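Below is one structure; the comments refer to it alone.
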């Protein structure tokens with residue numbers, strides 16, 4: 001029952017996350033350009049936009065749901081369900097934010113549904129929601145991806161204007177994934193000893209990754225089209241966190257060959273669908 005509740009919270013998190021992203025896109029395009037050289041002024045400029053501020057409130061709700069889901073279910077499962085939530089982005093973008101969704105995107109919806117059904121059917125019942133991890137694997141995983149994400153943000157040669165926006169979205173997604181893995185590591189100590197469990201290097205890792213990702217995501221939304229940037233941000237975050245769940249926390253895979261193939265295929269379907277589903281053509285630029 002605990003894992004099922006974690007899945008439900010993950011779905012609600014996915015819905016809130018995509019609403020927040022779309023609201024932040026409106027707000028970011030009404031705000032002054034984000035500059036990492038002037039982070040305080042950039043942050044003030046963003047929050048002066050009512051749409052961006054509202055998007056951040058919704059994102060905070062999504063983050064709270066995410067933390068609760070991570071405390072109840074395995075990291076890789078939580079992220080797989082959230083990645084399926086890109087279906088929400090497609091529907092919301094078409095109905096409320098001026099996008100046209102084509103056959104390719106609806107095919108992505110079907111792949112997502114199939115992937116989640118396979119994932120639920122092949123999930124081992126004894127996996128639990130533990131937060132035990134290999135210290136060596138944790139340090140290597142978090143350090144490597146924190147460096148990669150930061151280099152992508154700071155690199156001045158990421159291609160054309162719009163291409164740069166998409167690359168910033170990918171960097172933000174990687175860093176959000178780093179933050180998710182750190183949060184999962186904190187859920188165990190906090191559950192055991194309370195607030196004192198936050199005294200950990202993983203809290204600092206979470207904060208650092210989140211701050212860099214915040215500015216990278218906002219600038220990416222300013223420089224690129226909303227849906228491609230949001231898509232790549234979400235996909236990169238999900239792939240990073242799912243990988244962390246398996247490599248760092250040892251999230252279970254089925255023990256029988258058929259189950260291994262089906263669950264592996266389910267993860268592939270969800271990830272492919274995340275890349276395929278929300279790439280609708282822009283029908284009209286949202287007005288701030």
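The values are calculated or read from the model by the stated rules, or taken from the named source; none is laboratory data. These numbers come from a predicted model, not from an experiment. Counting neighbours? That spans all protein chains shown, and the Cβs are built from the backbone with ideal geometry, glycine included.
Structure notes:
- Enumeration of residues in segment 188-211 that are surrounded by fewer than 24 Cβ atoms within 10 Å (Cβ to Cβ) and under 14 Å from the mean Cα position of the chain (by Cα): 206, 210
- Condition check for residue 184: touching a residue at least 60 places away in the same chain (Cβ under 8 Å) and surrounded by fewer than 24 Cβ atoms within 10 Å (Cβ to Cβ): no
- Out of 40, 22, 8, sole residue that is modelled with pLDDT under 95, farther than 25 Å from residue 88 by Cβ and not in a loop (DSSP other than H, G, I, E, B): 40
- Condition check for residue 140: over 21 Å from the mean Cα position of the chain (by Cα), part of a helix (DSSP H, G or I), modelled with pLDDT of 90 or more and surrounded by fewer than 14 Cβ atoms within 10 Å (Cβ to Cβ): no
- Complete set of residues in segment 88-113 that are touching a helix residue (DSSP H, G or I) at 6+ places or on another chain (Cβ under 9 Å), part of a loop (DSSP other than H, G, I, E, B) and at pLDDT 70 or above: 97
- Any hit, segment 9-28, residues being surrounded by 14 or more Cβ atoms within 10 Å (Cβ to Cβ) and without any contact (Cβ under 8 Å) to a residue 24 or more places away in the chain: no
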